[in-house]
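Quick notes on the structure that follows.
Any read-out appearing in this document is the output of simple, stated calculations on the displayed coordinates, not a laboratory observation. Worth saying up front: this structure is predicted, and the values here are computed from it rather than measured. Using ideal geometry, Cβ is built from the backbone for each residue, glycine included, and neighbour counts are taken over all protein chains shown.
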Amino acid sequence: MPDYILMKKDIPVGFIEAKDIGDKDMEGAKKNGNKEQFDRYKASLGNLIFTDYLSFYIYHDGEFVSKVSIATLQFPKFPFRGVPVGRGGNKVLCRKAYFCISLKVN
């Protein structure tokens with residue numbers, strides 16, 4: 001069952017399957033990736049969205065409709081330390097001394 005069910009009154013009208021940020025197989029093309037699960041969901045669920053929280057892949061009756069991206073994931077070339085830093089359109093989020101992600105808002 002997908003991670004989220006969109007309801008109108010008591011009727012399910014859509015489904016969302018969420019993967020980790022930066023998932024390498026959001027198209028569901030890799031046999032050892034998301035392919036089996038995505039194919040199963042596309043075959044059985046009418047309105048479906050696959051997301052890594054940055055990009056959204058929209059399907060209707062198993063057919064790809066559109067992709068919408070709200071940001072892109074960029075890994076810095078060197079570790080950041082300390083508090084989050086913003087540069088122009090980029091936001092750098094630091095959780096630990098050696099783990100940061102940089103988001104470029106589209």
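Assorted remarks:
- Net charge contributed by nearby residues that have their C-beta within less than 15 Å of F38 (K/R +1, D/E -1): -3
- Share of alpha-carbon pairs per 5 Å distance bin for segment 4-68, given as whole %: 4, 18, 29, 28, 14, 5, 2, 0
- Links that overshoot a 24 Å alpha carbon limit, given the list K9/K35; K35/K67; K8/K30; K9/K67: K9/K35; K8/K30; K9/K67
- Computed 3J(HN,Hα) for segment 57-67, one whole-Hz value per residue from the Karplus formula 6.51 cos²θ - 1.76 cosθ + 1.60 where θ = phi - 60°, is 9, 9, 10, 10, 6, x, 9, 5, 10, 6, 10, glycine and proline marked x.
- Bridgeable aspartates and glutamates around K42 (alpha carbons under 20 Å apart, same-chain partners fewer than 8 residues away excluded): D3, E17, D20, D23, D25, E27, D52, D61, E63.
- For trypsin sites (Lys or Arg not before Pro), the sites in segment 30-70 that DSSP calls loop and that have at most 16 other Cβ atoms within 10 Å are K30, K31.
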